[in-house]
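The values are calculated or read from the model by the stated rules, or taken from the named source; none is laboratory data. All values reported here derive from a predicted model rather than from experimental measurement. Backbone-built Cβ (ideal geometry, glycine too); neighbour counts: all protein chains shown.
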Amino acid sequence: MSSDHHDNEPHAFKAIAPELLKSFHTQFAENQRTKEQSFLQFAGFIVAMGVPFEVAALESVKAYNAFTSATDPYGEHDFGIFEIDEELLAWKIDYYDLSLRFGSQDPADPSQTKRVLTIMLEEES
């Protein structure tokens, strides 16, 4: 799995309600059962659109299944692009260390990894 390395700036995250993730992808969904390892972050545009848009975006991510060898070459299911109300959006899962400040040393190891789902405009991805 790939690991994104992040700067030293702290990040603001929302905890994800378990009932919103019933059909989510790969290790993110599996890891959600711990309720401590997975978080959700909406980019500013998504927040500005309001809660109904946030919910629609999250539901679109949950239903997302357009993975191809071109868009998901490693089979990680940790990125996707979709459209809502003529807005092109993207989602990605990043793998942080337990402090949520740096990339995880071993994203496959849940004992040292917290996963963060970010939903944003496609141009921000």
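Can you go through LYS92, LYS62 and tell me which one is modelled with pLDDT under 90, of a type in the set (D, E, K, R), under 17 Å from LEU40 (Cβ atoms) and not in a loop (DSSP other than H, G, I, E, B)?
Of the residues listed, the single one that is modelled with pLDDT under 90, of a type in the set (D, E, K, R), under 17 Å from LEU40 (Cβ atoms) and not in a loop (DSSP other than H, G, I, E, B) is LYS62.
If I ask for residues that are closer than 12 Å to PHE45 by Cβ and loosely packed, with under 15 Cβ neighbours inside 10 Å, which ones from region 97-125 would you list?
Correct list: LEU121, GLU122, GLU123, GLU124.
Let me spell it out: the conditions are (1) surrounded by fewer than 17 Cβ atoms within 10 Å (Cβ to Cβ); (2) in contact with an Asp or Glu (Cβ under 7 Å, 6 or more places away or on another chain); (3) β-branched (Val, Ile, Thr), and ILE93 meets all of them except one. Which number is the exception?
Going through the list (1) surrounded by fewer than 17 Cβ atoms within 10 Å (Cβ to Cβ); (2) in contact with an Asp or Glu (Cβ under 7 Å, 6 or more places away or on another chain); (3) β-branched (Val, Ile, Thr), ILE93 breaks only (1).
Just need a number here: residues in region 73-125 that are within 21 Å of GLU54 (Cβ to Cβ) and of a type in the set (Asp, Glu).
Counting residues in region 73-125 that are within 21 Å of GLU54 (Cβ to Cβ) and of a type in the set (Asp, Glu) gives 9.
Name the pairs: first residue in region 61-79 and closer than 14 Å to THR118 by Cα and touching a residue at least 24 places away in the same chain (Cβ under 8 Å), second residue β-branched (Val, Ile, Thr) and outside any loop (DSSP other than H, G, I, E, B), Cβ to Cβ under 6 Å, at least 6 apart or on different chains?
Filtered contacts from region 61-79: HIS77/THR26; ASP78/ILE93.
Would you be able to tell me the number of residues in region 95-115 that are in contact with a Phe, Trp or Tyr (Cβ under 9 Å, 6 or more places away or on another chain), modelled with pLDDT under 90 and part of a strand (DSSP E or B)?
2
Just the residues that are among the β-branched types (Val, Ile, Thr) and within 13 Å of LEU117 (Cβ to Cβ), please, taken from region 39-60.
Hit for region 39-60 is ILE46, nothing else.
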